[in-house]
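Here the structure is laid out as structure tokens; the discussion comes afterwards.
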Amino acid sequence: MNKEENEQLEEIEDPIQTVYGYLVNGEHKKEALFLVQSLEQAFDRSEIQFEPAVLIAVHHIFATVYIWNDELEMAAKLQHTFLVNKEWCVQNKPATGSYLAIVFAKNQQAFIDKTLQKYNFLTTEFNELYKAYLSSIVNPNSEEHFSLDLLPFYQQLKNAQQLYCH
């Protein structure tokens, strides 16, 4: 491969990175969904095999895009890949917490109830975020779960609402 071909390859952005960039910035919601759907179709038709850790990371990103776009059935299908793995969720607490923050911010009660019932460790391992959700979104007038210690989690939920709930 010559230098020019190499430079052209470097200019081509990884579509998963593009989706991730859209997600992090809360921009191009429909484009992110289109890319995720297209990538899933391409993966289904190809014989590409991902390493388990890569598959979990990709499904985490894709499930988050589906939640953002209120495609709950697809999100539920993909979230199983990482939420079934408690060890991964705990080791990757910031990633799991950010996913849950978006899930909670979207406040799709039936989806949340099913998710928490199926992966019951989430309410204990992510207790602060769950309590912040209960006191700031489910019942904002209740003081039952309110705590100043939860301020970072209230802020995380508020940020998720601002980025993903419009």
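Points to keep in mind about this one:
- Some residue of the stretch 74-89 being touching a residue at least 40 places away in the same chain (Cβ under 8 Å) and surrounded by 15 or more Cβ atoms within 10 Å (Cβ to Cβ): no
- Among the residues of this structure, A110 counts as one that is of a type in the set (G, A, S), assigned to a helix (DSSP H, G or I) and surrounded by fewer than 17 Cβ atoms within 10 Å (Cβ to Cβ).
- Hey, L134 part of a helix (DSSP H, G or I) and modelled with pLDDT under 95 or not: yes
- The lone criterion from (1) more than 18 Å from A160 (Cα to Cα); (2) surrounded by fewer than 16 Cβ atoms within 10 Å (Cβ to Cβ); (3) within 17 Å of the chain's Cα centre (by Cα) left unmet by K30 is number (1).
- Considering (1) outside any loop (DSSP other than H, G, I, E, B); (2) more than 29 Å from H28 (Cα to Cα), the lone condition that N141 does not fulfil carries the number (1).
- Subset tally (residues that are of a type in the set (D, E, K, R) and touching a Ser or Thr at 6+ places or on another chain (Cβ under 9 Å)) for the stretch 22-75: 1
- With respect to (1) over 28 Å from H28 (Cβ atoms); (2) at pLDDT 95 or above, the lone exception for S147 is condition (2).
The values are calculated or read from the model by the stated rules, or taken from the named source; none is laboratory data. From a predicted model like this one, the values you see are computed outputs, not experimental measurements. All Cβ positions, glycine included, derive from the backbone under ideal geometry; neighbour counts span all protein chains shown.
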